1. Among Ile62, Ile45, what is the fewest-to-most ranking by other Cβ atoms within 10 Å?
2. Determine the calculated [θ] at 222 nm for the chain from helices alone, applying -39500 (n - 2.57) to every DSSP H run no shorter than 4 residues and normalising by the residue count; nearest 500 deg cm²/dmol.
3. What net charge is computed for the residues neighbouring Tyr198, neighbours being all others with C-beta under 12 Å from the C-beta of Tyr198, Lys and Arg scored +1, Asp and Glu -1?
4. To make sure I understand, if each residue's beta carbon is the centre and we count other beta carbons within 10 Å, what order do Tyr198, Tyr248, Tyr276 fall in, fewest to most?
5. How would you classify the stretch 206-286 from its alpha-carbon gyration tensor, with a ≥ b ≥ c the square roots of the eigenvalues: rounded for a/c under 1.5, else prolate if a/b is greater than b/c, otherwise oblate?
6. Whole Å is fine, so just give me how far the alpha carbon centre of the stretch 235-286 lies from that of the stretch 97-164.
7. Give me the angle, in degrees from 0 to 90, between the Cα long axis of helix 24-37 and the longest principal axis of the Cα atoms of the chain, rounded to the nearest 10.
8. Before anything else, pin down the relative contact order of the chain: Cα pairs under 8 Å, at least 6 apart, normalised by residue count, whole percent.
Amino acid sequence: MYRERVIDRYLRRLGLNDDGPPSVEGLFRLQRAHVERVPYENLEIWLDRPTTVDPTESALRIVSGRGGYCFHLNGAFSLLLSRLGYQVTRHIGGVQNTPDEQPGADGNHLVLVVSGLPSADNPEGRWFVDAGLGDAIHEPLPLVEGVYEQGPFRYALRPSEAEPGGWRFEHDPRGCFTGMDFRPEPCEMDAFAAKHEYLSTSPDSGFVRVAALQRRDATGLDKTTGLVLTRIGAGPESSLTLDRPGDYFAALADVFGLTLDDVTAAEREKLWQRLYGAHERWLSRDDPS
């Protein structure tokens, strides 16, 4: 009954049918579909809608047409993978936004590892899977030290110096963060509850300060930072300021697949006023006069 109500709807959101028994090819299809169709977004914070890290709650929000950030996206994705028969474990990670931040897994990111799927380039069969890193991987990476290219981006994986037995992911220089470490031992979702509370409520949190959306595809990335829509691909970056509500909500629907059917007209107006006010404050800060 649970599968009929949620998992099948989840697969429909991804544009997939039941993928059958676990396979490398199936895992790649699921990861690609997830990052292409379910955007990284933190609009629930800007709508004053509290969330939890419960994977079922996150999955229900996703099948209703929304996205989330790492605790939501990877939490729900781990639930989906598990229900489809994949051997998936959750791990405590830590993203560093700038090169001067201390490496290590401080719990601000949830990492997934899928095991038991050997391939020619990954005989041990362990894969770094992530639907919640926003502008990072489009497909799973073998949990093998090396440099990997996906579309216009280049990544690296190596053993972590900060987390013995763990791993270090290095982002492309054009990415929105520098790198991420994660621990080797599995964990449960409650390990992220305190950090989620901070990220979703603290005035010092980047999620509270900036409304952000990101959607990865095979050739690059679409993202909004506040009201600025940017495309990163093989050529030069292009940006556009969405300074009218019609343009902003149209971009949410057309670029990110977010029609916000669960948001009332009053909530949309309140969201727009908050976004526009934050944009005006950002412009004033950067105004040399």
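1. Ile45, Ile62
2. It comes out at -9500 deg cm²/dmol, rounded to the nearest 500.
3. Residues near Tyr198 contribute -2 overall.
4. Tyr198, Tyr276, Tyr248
5. oblate
6. 31
7. It is inclined by approximately 10 degrees.
8. Reported as a whole number, the value is 18 percent.
We did not get these values from a lab; they are worked out from the coordinates using the rules stated. Since this is a predicted model, take the numbers as computed values, not measurements. FYI the Cβ positions are ideal-geometry reconstructions off the backbone, even for glycines, and counts take in every protein chain you see.
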